[in-house]
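Asker: Dropping a structure here in C-alpha cells format, bear with me for questions.
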Amino acid sequence: MVDGFSIPVHRSLTEQILMGGAPRKATILNGTLAAALGLGLQLWLAGLLYWVIAHGICVWAAKRDPQFMDVLARHVRHKGYLL
C-alpha cells in the first residue's frame, strides 16, 4: 500500500441495516402481515403471536447470517436441477 492512498471504510457502509435485531425488509414484512391479521381480520391474538414468532426467527437467523434475506431471495430464484 502506498502512503496517502488509504481510505477509511466506516462500519455503517458494510453492515446490514437491522431493526430490532432482524433485517429491515423482514421486519417490515412481518409487521405488515401481523397488522393485517390483527387489524384487518380482527384476529388480535393470532397477529401478535405471528409477529413474536416470526420476529424471533428472523432475529435468530440474523445472528447466524445478517444477510439471510438476500440469500433466501437468491435461493428461491434458482431452479431445482435435481427435482
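Asker: Based solely on its DSSP helices, what 222 nm [θ] is calculated for the chain when runs of n ≥ 4 H residues each add -39,500 (n - 2.57) and the sum is averaged over all residues, nearest 500 deg cm²/dmol?
Answerer: -17000 deg cm²/dmol
Asker: With a cut-off of 8 Å between alpha carbons and a minimum separation of six or more residues, what is the relative contact order of the chain in percent?
Answerer: Relative CO of the chain lands at 28 percent.
Asker: Roll a 1.4 Å probe over the protein chains and send me the accessible area per residue for the chain in Å².
Answerer: 87 Å²
Asker: Keeping all protein chains in place and using 1.4 angstrom, which order do W44, W51 fall into by accessible surface area, from largest down?
Answerer: W44, W51
Asker: If packing is taken as the mean number of other Cβ atoms within 10 Å per residue, what is the order of 20-30, 69-79, highest first?
Answerer: Top to bottom by mean Cβ count within 10 Å: 20-30, 69-79.
Asker: Rounded to the nearest 0.05, what FRET efficiency do W60 and A36 give with R0 = 25 Å and r taken as the Cβ-Cβ distance? Could you check?
Answerer: 0.60
Asker: A further question on this structure: Leaving ligands, DNA and RNA out of it, report the carbon-plus-sulfur percent of the accessible area of the chain at a 1.4 Å probe.
Answerer: Reported share for carbon and sulfur atoms: 67 percent.
Asker: What percentages, rounded to whole numbers, describe P(r) for the chain computed over all alpha carbon pairs with 5 Å bin width beginning at zero?
Answerer: Whole-percent P(r) values from 0 Å outward: 3, 13, 16, 15, 13, 12, 10, 7, 4, 2, 2, 1, 1.
The values are calculated or read from the model by the stated rules, or taken from the named source; none is laboratory data. Note that this is a predicted model, so its numbers are computed, not measured. All Cβ positions, even for glycine, are placed from backbone atoms using ideal geometry, and neighbour counts span all protein chains on display. Heavy atoms of the whole protein, side chains included, go into the accessibility calculation; ligands, DNA and RNA do not. Shrake-Rupley method; radii C 1.70, N 1.55, O 1.52, S 1.80 Å.
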